[in-house]
Structure formats: C-alpha cells, structure tokens
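Single-structure report; data block below.
Please treat every number below as a calculation from the coordinates, not as lab data. No experiment lies behind these values; they were computed from the predicted model shown. Cβ coordinates were reconstructed from backbone atoms using ideal geometry, including for glycine residues, and neighbour counts include every protein chain displayed.
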Amino acid sequence: MITKDELEHYLYDADEEQLEALYSEAREKTIKVYGKNIYIRGLIEFTNYCKNDCLYCGIRRSNSSLKRYRLEQSDIIDCANEGYELGYRTFVLQGGEDLSFSDQDICDIVYNIKSLHNDVAVTLSIGEKEKTTYKAYFDAGADRYLLRHETADEEHYAKLHPEEMSLTNRKRCLYDLRDIGFQVGCGFMVGSPYQNPDTLYQDLCFIDELKPHMVGIGPFISHKDTPFKDEANGTLKSTRILIALLRLMNPRLLIPATTSLATIAPNGRELGILSGANVVMPNLSPVRFRELYALYDGKVCMGEEAAQCINCIRERISDIGYEVIVDRGDYKA
Ligand code: SF4
C-alpha cells in the first residue's frame, strides 16, 4: 500500500521524469501479469431511466430535459449477438436504477445471453440491490458486477449524493457482491467536486481493504443539466497517476482506460494503457440511443457503429504496441 505522502508527491510535486518513471513501472507490472493484451468489454447501455438523483450524473431523475429510453430484451440480445460476432467475450449490461426491469427480467436477460454464448462473461452494472437480488443474478449466470463507490469518505459522499443514499449501503452492496462470488469492480471519479488528497487516500485504503477484481476510474466531467455544471473537470494527469498507483497496489487488477479519459484527451485511452490500464469498454448500444446515455458532456464515440468502433480501437491499441484479444478477460488470481 502506498502512503499518503507518496500520493501527494505524485499529485503535486513530481516532475515529468518522475511521472514517466511511475507510468513505466506500472506498465511493467501489467505486462508481467497480462502481457501486452488488452481485454475488451462490450458495453450495452440498456436504460437511461434512474430512480436516483446523484448530483454529478446526467441521467439523474431530476434531469427533465433528457429523453428517456429503455431497450427491449430482444434488442439487448441482438447487441450481444452482434458483439459476439465482432470478437467480444464479455458484455457489460449497464443502466440507471430502473425499476421497470424486474429482478426476473434481469435474470432472464443474463440467462439468455449465457445460453446463446457459453464462452462469454456477463457483467452487470445496475446499482444498489438487496443481497438476495444479487444472488439471483449470480445464479442466473452473471459473472461480474461493477458498482463504483465514488468516494470512501462519508462527508464527501454526502456532497455528491442525495440524502437518501449512503456510503454505508454502497459498501454493504460491494461486500455482499464479493461474498456471493462475483468478480467485483468499484471505482471513483478523479477530480470530482470536493475531492481532496484526504478523500483520495481514503479511496485507496478502501480499495486495499475490499480487494476488488476491477477498479474503474476516470476523470470527473461535468454535465450541463446537473448541479455540478460549472465545476472544473478532472485532469488527464491526475487520472494517469491514480491508474498507475492502483496498478502498483495490485498488479492483477483489471483497470479500464475509460471513455471519459478519451473524452478529455484525444489519446486518453492510449495514455491510460501506457499508465497501467488493461481493459477498454467500447460501446455496443444502438447508435440511435447513445446520445441519450450521457452521464457527462462531450462523450466520445457516440456515432460509430459497433464494428467501426472496435476496428478503430484495435488499430489505435496496436499503434502503441498492444493487442486487443478475443477473451473473457477474467481476473488472474
Ligand atoms: S450515477 Fe447511477 S445511480 Fe446515480 S443517478 Fe446516475 S445512473 Fe442513477
């Protein structure tokens, strides 16, 4: 585990040479475990309805200017089938906390995808649920669950979320998911409003304690229809530093180079990989709905069809000496 002084050093004092050395060390650690292989996850954003009102999120329930959509089960299966043909062996079903999808609906979707393609992993990213619900998803065949904790500091959490949400419940969910046997991903935004070195250090301590299989971090990017619309965005530099430090903390972690990183810098995904990330999550959602799943402003890769998108990413990754592979991309224990 790194110290708080080390974290502050890299964030504020380190010069370019020291940062390059950090990124290089992180790269080496990744290569030792995963080689120069990059795992792809096909992201299917199946609903932008959400019962919650997180202050940073573009699809929060009180954003009345957003047109809402939800995919039919058959559309979701079509996305997965198309993704399978393109070489995806993991699908991430992501959505707001949309109560129109019953637990049974989610179980059916998971079960149907796994029945059609028995060599894929299904990841769910649909928010906070009771343990019994998580268990039902797992029994239906779900392999992984992503639930960003957003911040491990109580006070900070309260500034990013409405009163009815709590860090205690978020952590309870993550521990329940681990207990059940999911590969679990947590994560946070770098540069979110009110974040400081203390809160960031608590994030790292929490990750060290939870021992997740995946950690998703990307820069905070404001959304025009949220209370944080005028807040400054997170930076490429801080995000790269945090990716590298996470990699040093656990060389086996699955760490995505996120779309938000590609949004704040044209070569953000590549620089994420060169700082220790080893996963990318291209979009498989139907193009006509992508604009409506805007968690933040300016999101890239909104117009490309799935095939175009994966070809572009394959090329870009090969240009930096890495290779996108056809694989479920499980955590290497
Ligand atoms: S961050 Fe997630 S839970 Fe919160 S409003 Fe957005 S989609 Fe809903």
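Considering only ILE38, ALA277, ASN196, whose Cα is most displaced toward the positive end of the charge dipole of the chain, charges sitting on Cβ of Lys, Arg (+1) and Asp, Glu (-1)? About the Cα centre, the residue reaching furthest to the positive side is ILE38.
Over the chain, with a Gaussian network built from C-alpha contacts below 10 Å, which listed residue (GLU150, GLU231, GLU17) shows the highest mean-square fluctuation? Checking each option, the largest mean-square fluctuation is seen for GLU17. No disulfide-compatible partner, judged by a Cβ distance under 4.7 Å, exists for the following cysteines of the chain: CYS50, CYS79, CYS107, CYS173, CYS186, CYS205, CYS301, CYS309, CYS312. Rounded to whole Å, the principal axis extents of the Cα atoms in the range 260-324 read 33, 23, 16, largest first. Considering only ARG247, ARG70, ARG144, give the residue with the highest GNM mean-square fluctuation for the chain, with springs between Cα atoms whenever their separation is below 10 Å. Among ARG247, ARG70, ARG144, the largest mean-square fluctuation in the Gaussian network model of the chain belongs to ARG70. Along the axis of the charge dipole computed for the chain (Cβ charges of +1 for Lys and Arg, -1 for Asp and Glu, origin at the Cα centre), the listed residues VAL215, LEU99, TYR12 are led at the positive end by LEU99. Count Lys and Arg as plus one, Asp and Glu as minus one, and take only other residues whose Cβ is under 10 Å from that of MET165; the net charge is then -4. Counting only residues at least eight positions apart within a chain, or on another chain, the lysines with an alpha carbon under 28 Å from that of LYS131 are LYS51, LYS114, LYS159, LYS171, LYS211, LYS332. So what does the Cα-only Debye profile of the range 219-289 read at q = 0.20 Å⁻¹, as log10 I(q)/I(0), no solvent term? These q points yield log10 I(q)/I(0) values of -0.86. Helical content of the chain, expressed as a calculated mean residue ellipticity at 222 nm, amounts to -12500 deg cm²/dmol (DSSP H runs of 4 or more residues, -39,500 (n - 2.57) each, divided by residue number, nearest 500). Of all the options LYS229, LYS32, LYS129, the one that moves most in a Gaussian network model of the chain with Cα springs shorter than 10 angstrom is LYS32.
Using the alpha carbons alone, the radius of gyration of the range 180-333 stands to its Kirkwood radius in an Rg to Rh ratio of 0.96. Within straight-line reach of LYS135, meaning a Cα separation under 19 Å, sit the following aspartates and glutamates at least 8 residues removed in sequence or on another chain: GLU97, ASP98, ASP103, ASP105, ASP108, ASP143, ASP176, ASP179. Derived value for the range 147-247: Kirkwood hydrodynamic radius 14.1 Å. Basis is the mean of 1/r over every pair of different alpha-carbon atoms.
Compute, for the chain, the length of the dipole vector about the Cα centre, with Cβ point charges of +1 (Lys, Arg) and -1 (Asp, Glu) only. Units Debye, rounded to 20.
Details: 39 positive and 52 negative charges, 104 e Å.
Once rounded to the nearest 20, the dipole reads 500 debye.
In this entry, the range 4-325 is assigned a mean projected area of 14.8 nm², taken as a quarter of its C-alpha convex hull surface. Grouping the Cα pair distances of the range 42-130 into 5 Å bins from zero gives a pair-distance distribution of 3, 13, 25, 23, 16, 12, 6, 2, 0 percent in increasing distance order.
For the range 71-85 and the range 217-254, what is the separation of their C-alpha centers, rounded to whole Å? After rounding, the separation between the Cα centres reads 30 Å.
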